[in-house]
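J.: What follows is a single structure, and I will ask about it in a moment.
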């Protein structure tokens, strides 16, 4: 039986992925900040709950060490995250640090603990939830954009750096997904029209909004498809369309396309 270690399992993509892998017969190490509050995942015999706040290095050390002493882990799924929406000039040091500490440094801390283990095994998969915001510049994403682009870059670097050791590095790239994941909102005066246009760009049809269970299916595919060369797994119909458009148009053309869509200007 294979084992997956998941961060951010209390809701959304993390919880749905934990449920799916458990139903497929995997042992699931589901980590979250307050496992004592979890009710749904406790119904699965093959789901093991552990406390983990990825902003706390000491707890990461304790939890990962305890897990690896009891289980042979095959997959690390970095999924925990924090969201924010703010004008760039309004971001406080506190908000910026919270975002960087969770989305970027939290992923780094957990991944670092697993790399020596996977190297010793000469195998392992590291799957990380990034975001469409790590593939295209969206207004008001502030430091969240920097986090997600940085995580994408780290994964691309590790894709090559860890290949000689039999370790696969992959990313799950969601767009807008129906989850309880809440973006912290700071008043965005002066951007109301652009925000409305950006929502239309990302969600032209509410029927296209992906359910977290669909993203979990793509996470399962990324882990089990046996494709050792593929890194990026975009999830969600609209996210796939925009990702393909960027590939087709190239960086400059796509940036112009997005800017004009937000400003409601005709593409020249």
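J.: Does residue 14 fit the bill of being touching a strand residue (DSSP E or B) at 6+ places or on another chain (Cβ under 8 Å), on the phi > 0 side of the Ramachandran plot and at pLDDT 95 or above? Write out each step before concluding.
T.: Details: touching a strand residue (DSSP E or B) at 6+ places or on another chain (Cβ under 8 Å): yes; on the phi > 0 side of the Ramachandran plot: no; at pLDDT 95 or above: yes.
The answer is no for residue 14.
J.: Would it be correct to say that residue 32 is at pLDDT 95 or above and either more than 23 Å from residue 171 (Cβ to Cβ) or in contact with a strand residue (DSSP E or B) (Cβ under 8 Å, 6 or more places away or on another chain) (or both)? Walk me through how you get there before you give the answer.
T.: On the way: at pLDDT 95 or above: yes; either more than 23 Å from residue 171 (Cβ to Cβ) or in contact with a strand residue (DSSP E or B) (Cβ under 8 Å, 6 or more places away or on another chain) (or both): yes.
The answer is yes for residue 32.
J.: Residue 221: assigned to a strand (DSSP E or B) and either surrounded by fewer than 18 Cβ atoms within 10 Å (Cβ to Cβ) or at pLDDT 95 or above (or both), yes or no? Spell out the reasoning first.
T.: On the way: assigned to a strand (DSSP E or B): no; either surrounded by fewer than 18 Cβ atoms within 10 Å (Cβ to Cβ) or at pLDDT 95 or above (or both): yes.
Taking the combined requirement at face value, the residue does not satisfy it.
J.: If you don't mind, another one. Looking at the structure I just gave you, is residue 111 out of contact with any strand residue (DSSP E or B) (no Cβ under 8 Å at 6 or more places or on another chain), at negative phi, in contact (Cβ under 8 Å) with a residue 24 or more places away in the chain and surrounded by fewer than 22 Cβ atoms within 10 Å (Cβ to Cβ)? Write out each step before concluding.
T.: Values: out of contact with any strand residue (DSSP E or B) (no Cβ under 8 Å at 6 or more places or on another chain): no; at negative phi: yes; in contact (Cβ under 8 Å) with a residue 24 or more places away in the chain: yes; surrounded by fewer than 22 Cβ atoms within 10 Å (Cβ to Cβ): yes.
Answer is no for this residue.
Residue by residue, here is whether (1) at pLDDT 95 or above; (2) more than 23 Å from residue 96 (Cα to Cα); (3) buried (at least 16 other Cβ atoms within 10 Å of the Cβ) holds:
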| site | (1), (2), (3) |
| --- | --- |
| 141 | no, no, yes |
| 150 | yes, no, yes |
| 157 | yes, yes, no |
| 166 | yes, yes, no |
| 169 | yes, yes, yes |
| 177 | no, yes, yes |
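J.: Right, something else. In this structure, does residue 156 turn out to be in a helix (DSSP H, G or I) and out of contact with any strand residue (DSSP E or B) (no Cβ under 9 Å at 6 or more places or on another chain)?
T.: When the stated conditions are applied, residue 156 does not pass them.
J.: Related question: I'm trying to understand the selection: among the residues of the stretch 239-268, which are surrounded by 11 or more Cβ atoms within 10 Å (Cβ to Cβ) and either in contact with a strand residue (DSSP E or B) (Cβ under 8 Å, 6 or more places away or on another chain) or in a loop (DSSP other than H, G, I, E, B) (or both)?
T.: Passing the criteria: 239, 240, 243, 264.
J.: Taking the stretch 224-238 on its own, how many of its residues are in a helix (DSSP H, G or I) and touching a residue at least 60 places away in the same chain (Cβ under 8 Å)? Even if it seems obvious, please write down each step before you answer.
T.: Kept after step one, since they are in a helix (DSSP H, G or I), are these residues of the stretch 224-238: 224, 237-238.
Okay, now just the ones that are also touching a residue at least 60 places away in the same chain (Cβ under 8 Å), so 238.
Within the stretch 224-238, residues that are in a helix (DSSP H, G or I) and touching a residue at least 60 places away in the same chain (Cβ under 8 Å) number 1.
The values are calculated or read from the model by the stated rules, or taken from the named source; none is laboratory data. Note that the coordinates shown come from a computational prediction; the quantities given were computed from them, not determined experimentally. Don't worry about glycine lacking a Cβ; one is built from the backbone with ideal geometry, like all the others, and counts go over all protein chains shown.
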